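The values are calculated or read from the model by the stated rules, or taken from the named source; none is laboratory data. In this text the structure is predicted, and so the values were computed from the model without any measurement. Positions of Cβ are generated from backbone atoms using ideal geometry, with glycine treated the same way; all protein chains shown enter the neighbour counts. SASA here: full protein model, heavy atoms, side chains in, ligands and nucleic acids out. Shrake-Rupley method; radii C 1.70, N 1.55, O 1.52, S 1.80 Å.
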Amino acid sequence: MPRIAIVDNEKLKEMQLKLHIQSVCPVNRVGKECIKIEADGKLSIDENLCTGCGICVKPGQGAIKIINLPEEWKKEPIHRYGQNLFALYSLPTPIFGNVVGILGINGIGKSTAIKILAQVIKPNLGDYEKEGNFANLISKFRGTEAQSFFERISSGKIKISYKPQQVELIPKTAKGKVRDLLKKVDEKSILNEIVEKLEIKEILNNDIDKISGGELQRVAIAAAVLKKASLYIFDEPTSFLDIKQRIGISKFIKSLVDEETAVLIVEHDLIIYDYLADFTHIMYGKEDAYGVVSGIKPTKNGINTYLSGYLKEENVRFREKKIKFEAKAPLKKESKEALISWQDIEKNLDGFNLKAPSGKINKGDVIGILGENGIGKTTFVKILADVLKQDKGIISKKVKVSYKPQYLQASDELVSAVLKDAISKYTNQIINPLSIQPLFLKKLNELSGGELQRVAIALCLSKDADLYLLDEPSAYLDIEQRLIISNLIRDLVEHKGASALVVDHDLLFIDYLSHKLMVFTGKPAVNGTVNGPFNMEDGMNMFLKELKITLRRDELSNMPRVNKEGSVKDREQKEKGKYYYT
């Protein structure tokens with residue numbers, strides 16, 4: 001049976017532990033070297049000798065994974081990072097005149113796949129001891145339609161422009177004014193047009209290291225589309241953007257495609273993904289071990305297949321349970337007992353004015369907060385958290401608050417030390433669902449954005465509090481992690497008899513999570529008004545009317561979907577004033 005062995009030598013620092021792992025291997029005990037310690041001190045596993053018994057996994061303490069592949073799986077990988085490291089099988093297929101998307105969890109190889117197409121990574125076809133070469137793909141796919149596609153890329157007939165995932169790293173390699181940096185890549189002489197469409201005119205004279213994450217995202221998208229290309233690749237184009245900006249960016253990206261232009265995207269906001277992509281690849285496999293790209297499907301079918309967890313054509317079940325959505329957010333029993341209320345709150349901060357006329361949060365409420373960036377959401381949360389003091393108005397009483405901020409601070413503390421209380425009290429309720437145990441021996445400053453986010457959420461929810469305030473908890477997380485966290489917040493609130501306020505820009509996440517909504521209106525960086533809490537229908541109608549979009553429910557999965565602008569369904573719902581699904 002073919003198999004993959006993954007070894008994380010960063011977690012295997014003690015030689016005594018490596019020697020012990022080596023000694024328990026049955027193959028080693030009969031005189032063969034399945035598990036050995038290399039000259040550089042690293043532990044390695046010979047996948048050809050490995051029997052897949054898994055005896056080495058437990059003493060490996062999460063550093064070793066042995067994955068048995070199906071018997072018929074005889075394929076060589078497209079790329080492998082090294083001995084006992086991640087392997088990618090197959091690649092997505094761009095389609096000219098369309099937007100093709102890739103759906104999958106973090107650590108499954110989505111970014112690796114598109115980096116190969118963008119020629120950022122040279123594929124080695126599993127021979128990691130030799131330098132990879134893009135020509136490898138031509139021979140690999142000889143006799144298929146993909147051969148012609150890769151030949152055209154190799155010969156320069158298909159030019160590629162690539163927007164990377166981690167836009168926050170751009171200031172580390174690029175220096176200077178935004179305008180000057182964009183001028184350098186403006187191969188089409190359309191800088192002024194793109195600046196207007198992406199609403200970045202106000203920051204053109206700013207230094208690249210002085211702009212926000214959302215501004216960096218739009219600058220990175222601008223840099224990508226200013227280049228002459230026939231294939232545009234966008235890795236997570238909506239992170240750091242608010243919902244209004246996400247809709248605008250989606251429309252802009254869709255406008256790029258024509259008969260001679262294709263777009264490939266990776267995106268974790270499922271409603272935006274559904275709105276943006278015409279066709280879908282699903283990526284499955286084992287996190288941080290291997291990834292496989294499925295055949296291509298129309299996006300509606302692709303999303304429903306992804307939610308079901310079963311690929312019929314490949315006969316592969318990649319998730320044990322289906323992901324199901326409710327017709328409306330479930331609320332077993334609504335409390336009428338107020339936890340906290342406010343009246344005529346006002347706060348002036350650096351020229352920005354926030355007003356919260358009146359409202360209250362009942363015990364057991366899980367309230368989603370929607371609104372543009374720079375409109376006061378975080379300021380209001382900080383006032384409730386007693387991090388900021390209001391200038392005017394009354395808050396009914398002080399309540400014990402646990403607050404997860406928008407921006408996360410890393411340090412050299414160990415995860416196990418930071419989450420000591422959570423580990424002792426909530427292993428089953430918080431630690432296990434968030435898959436935090438493999439992170440215990442890592443320092444906070446060694447974590448990825450998604451790992452740090454999960455630790456911060458665990459820390460917030462494990463504290464004893466009446467009110468949990470979480471600012472953008474979905475950032476850096478994949479679709480499945482977002483839904484796990486939604487369930488976690490709802491269950492913890494119900495279990496503790498507490499309440500939660502959640503600020504986020506992922507509409508699906510907010511819809512799945514919330515019992516009620518608060519909507520912030522106004523002008524970013526100038527003024528903001530707090531409206532609500534409302535019931536879900538009234539709150540969503542108010543917010544979606546501002547966005548000029550309507551949502552319906554998918555007939556199979558019940559997932560909210562954006563109606564095509566101007567469609568019969570879109571016109572019907574707008575005429576009735578029912579912007580939210582009916």
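Quick grid of which residues meet (1) open to solvent by less than 40 Å² (accessible area, probe 1.4 Å); (2) part of a loop (DSSP other than H, G, I, E, B); (3) among the polar types (S, T, N, Q):
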{"site": "ALA262", "(1), (2), (3)": "yes, no, no"}
{"site": "TYR273", "(1), (2), (3)": "yes, no, no"}
{"site": "HIS281", "(1), (2), (3)": "yes, no, no"}
{"site": "VAL292", "(1), (2), (3)": "yes, no, no"}
{"site": "GLY295", "(1), (2), (3)": "yes, yes, no"}
{"site": "THR305", "(1), (2), (3)": "yes, no, yes"}
{"site": "GLU314", "(1), (2), (3)": "no, yes, no"}
Check your understanding: Does LEU69 fit the bill of being within 30 Å of PRO237 (Cβ to Cβ) and in contact (Cβ under 8 Å) with a residue 12 or more places away in the chain?
Key -> no
Going through region 170-194 in order, the residues found to be farther than 16 Å from TYR232 by Cβ, open to solvent by 70 Å² or more (accessible area, probe 1.4 Å) and either under 25 Å from the mean Cα position of the chain (by Cα) or basic (Lys, Arg) (or both) are LYS172, THR173, LYS175, LYS177, ARG179, LYS183, LYS184
- Message: On the basis of being modelled with pLDDT under 90, charged (D, E, K, R) and not in a strand (DSSP E or B), does GLU71 make the cut?
- Response: yes
Within region 37-54, the count of residues that are closer than 14 Å to LYS18 by Cα, in contact with a strand residue (DSSP E or B) (Cβ under 9 Å, 6 or more places away or on another chain) and open to solvent by less than 70 Å² (accessible area, probe 1.4 Å) comes to 5
Residues in region 1-59 that are of a type in the set (Gly, Ala, Ser) and more than 24 Å from TYR89 (Cβ to Cβ) total 4
- Test result for GLU38, more than 35 Å from the chain's Cα centre (by Cα) and among the acidic types (Asp, Glu): yes
The number of residues in region 144-163 that are assigned to a strand (DSSP E or B) and among the aromatic types (Phe, Trp, Tyr) is 1
Those residues of region 439-480 which are under 16 Å from the mean Cα position of the chain (by Cα), in a helix (DSSP H, G or I), acidic (Asp, Glu) and closer than 15 Å to GLN409 by Cβ amount to GLU451
With respect to SER567, is the statement that it is under 13 Å from ILE271 (Cβ atoms) and of a type outside the set (A, V, I, L, M) true?
no
Sole miss for ILE479 among (1) in contact with a helix residue (DSSP H, G or I) (Cβ under 7 Å, 6 or more places away or on another chain); (2) farther than 26 Å from ARG319 by Cα is condition (2)
Restricting region 482-493 to residues that are out of contact with any Gly (no Cβ under 7 Å at 6 or more places or on another chain) and in contact (Cβ under 8 Å) with a residue 60 or more places away in the chain, the one surrounded by the fewest Cβ atoms within 10 Å (Cβ to Cβ) turns out to be ASP491
Taking region 10-23 and the residues there that are surrounded by 15 or more Cβ atoms within 10 Å (Cβ to Cβ) and over 18 Å from GLU33 (Cα atoms), the one that is modelled with the lowest pLDDT would be LYS11
Flagged in region 58-91 as open to solvent by 50 Å² or more (accessible area, probe 1.4 Å) and touching a strand residue (DSSP E or B) at 6+ places or on another chain (Cβ under 6 Å), in numbering order, are LYS65, ASN68, LYS75, GLN83
Screening LYS404, LYS400 for residues that are over 30 Å from SER239 (Cβ atoms) and not aliphatic (A, V, I, L, M) leaves only LYS400
Scanning region 1-32 residue by residue, the ones that are in a loop (DSSP other than H, G, I, E, B) and either of a type in the set (Phe, Trp, Tyr) or under 26 Å from GLY291 (Cβ atoms) (or both) total 7
Flagged in region 148-172 as closer than 15 Å to LYS227 by Cβ and among the charged types (D, E, K, R), in numbering order, are LYS159, LYS163
Pairs returned, first residue in region 553-578 that is free of Cβ contacts under 8 Å to residues at least 40 places away in the same chain and of a type in the set (S, T, N, Q), second residue that is assigned to a helix (DSSP H, G or I) and open to solvent by 40 Å² or more (accessible area, probe 1.4 Å), beta-carbon separation under 8 angstrom, 6 or more apart or interchain, are ASN563/LYS569
